[in-house]
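The values are calculated or read from the model by the stated rules, or taken from the named source; none is laboratory data. All values derive from a computational prediction rather than experimental measurement. Note: ideal-geometry Cβ built from the backbone for every residue, glycine included; neighbour counts use all protein chains shown. We work out accessible area using only protein heavy atoms, side chains counted, and drop any ligands, DNA or RNA first. Shrake-Rupley method; radii C 1.70, N 1.55, O 1.52, S 1.80 Å.
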Amino acid sequence: MNEKPVIDQEKCQGCGLCVDICTCGALALAGDVVELCAADKCGWCTLCELVCPYGAISCPFEIVVEDEGSPH
Amino acid sequence: MTVQLEFLKGLPYFAGLDEAALVSIRRYVFEKKAERGETLAFEGEPSDVLFFVSSGVVKAFKTSADGKEQIFRIVRPGESFNDVPVLGGGVNLVSAEAMGPVVLNGIKKKDLETIVRERPPVGLNVIQVLSRRVQELVALVEDFSFRHVTSRVAKMLLEYADRKAGDGPRLTQQEMAAMIGTAREMVGRSLKNLESAGTIRMERNRIVIADRQALREMAGVT
């Protein structure tokens, strides 16, 4: 759970759309910008990234192989 | 910081050169660092530095008039960008942006020309690098022409999966969409389809390829 959505506070305009759509309660507005107030609650649904009109939030995925080396 | 000989040795541009040659080339190489989101090359502008990614990941992309992004390449450690404008003249065909903190090794156009003149095998290596680049672009056109979106997503996941956790590029769904020429929503839908089929598993910020062979079949990769 160390990974967190990346918030670019220079791009953030503080519109609050991401806070409204976040069902996990992980985001909150702090003054004019959004911040991750409860990273442990973030379920990585990526709705915040989807809804942000300014491209200020990124939820990048790591791609890994589970069955490497298994016989196929 | 001094550029490591081992790093230069591993670059396709300098494959097969002995240590003396690499030491000689090293004097032309300089280091540059950039942070996530920093633009390293602008589409349509001239460029006179060839960059090799030493650490981190860079995306090479074009942006349409209405702001839509198409990613052409994810440039990983050991790979280069800006090759075409530096080798062929003219302007950058694509823009380049750091996807996280990156360390680059650069060589100026005039210095690269000196290296090629002094060491002809480098010229052959350059031809091989550019040939691979053409192969990649042909594969991209093939994907756009003949593969449906789920198949493209499957192929992209196979391509960017990394065996060692933590080393591979981390991609947002928007970036995945920009790589395979579709909308973000279609990527989300395709990931759900692949998960329903049991080929992948979504684990918070990880996409786990659970059945590589099945994914290869979906991607049409033999």
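Things worth noting here:
- Check on B:GLY106, away from chain A (no Cβ under 14 Å), at positive phi and under 17 Å from the mean Cα position of the chain (by Cα): no
- Just one residue in the set B:GLN213, B:GLN135, B:GLN128, B:GLN173 is more than 26 Å from A:CYS24 (Cβ to Cβ) and within 12 Å of another protein chain (Cβ to nearest Cβ); that residue is B:GLN213.
- Neighbours by Cβ (under 9 Å, 6+ apart or cross-chain): first from the range A:18-36, within 17 Å of A:GLU49 (Cβ to Cβ); second of a type in the set (S, T, N, Q): A:VAL33/A:GLN9; A:VAL33/A:GLN13; A:VAL34/A:GLN9; A:GLU35/A:GLN9
- The one condition in (1) out of contact with any helix residue (DSSP H, G or I) (no Cβ under 6 Å at 6 or more places or on another chain); (2) at pLDDT 90 or above that A:ILE63 fails to fulfil: (1)
- When the range A:35-51 is limited to residues that are closer than 25 Å to B:GLU69 by Cα and either modelled with pLDDT of 95 or more or open to solvent by less than 30 Å² (accessible area, probe 1.4 Å) (or both), the one that is farthest from the other protein chains (Cβ to nearest Cβ) turns out to be A:CYS48.
- The range B:176-194, subset open to solvent by 20 Å² or more (accessible area, probe 1.4 Å) and closer than 19 Å to B:LEU137 by Cβ, residue farthest from the other protein chains (Cβ to nearest Cβ): B:GLY181
Per-residue answers, yes or no, for (1) of a type in the set (Val, Ile, Thr); (2) open to solvent by less than 70 Å² (accessible area, probe 1.4 Å); (3) touching a residue at least 12 places away in the same chain (Cβ under 8 Å):
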{"position": "B:GLU19", "(1), (2), (3)": "no, no, yes"}
{"position": "B:VAL23", "(1), (2), (3)": "yes, yes, yes"}
{"position": "B:GLU35", "(1), (2), (3)": "no, no, yes"}
{"position": "B:PHE52", "(1), (2), (3)": "no, yes, yes"}
{"position": "B:VAL57", "(1), (2), (3)": "yes, yes, yes"}
{"position": "B:GLY67", "(1), (2), (3)": "no, yes, no"}
{"position": "B:ILE71", "(1), (2), (3)": "yes, yes, yes"}
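- Test result for B:GLU79, out of contact with any His (no Cβ under 6 Å at 6 or more places or on another chain) and loosely packed, with under 14 Cβ neighbours inside 10 Å: no
- Single condition B:ALA139 does not satisfy, out of (1) exposed (fewer than 13 other Cβ atoms within 10 Å of the Cβ); (2) under 30 Å from A:ASP40 (Cα atoms); (3) not aromatic (Phe, Trp, Tyr): (2)
Every residue, every condition in (1) within 17 Å of the chain's Cα centre (by Cα); (2) at pLDDT below 95; (3) assigned to a helix (DSSP H, G or I), yes or no:
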site	(1), (2), (3)
B:LEU87	no, yes, yes
B:ALA96	yes, no, no
B:THR114	no, no, yes
B:ASN125	no, no, yes
B:ARG133	yes, yes, yes
B:GLU136	yes, yes, yes
B:LEU140	yes, yes, yes
B:ALA154	no, no, yes
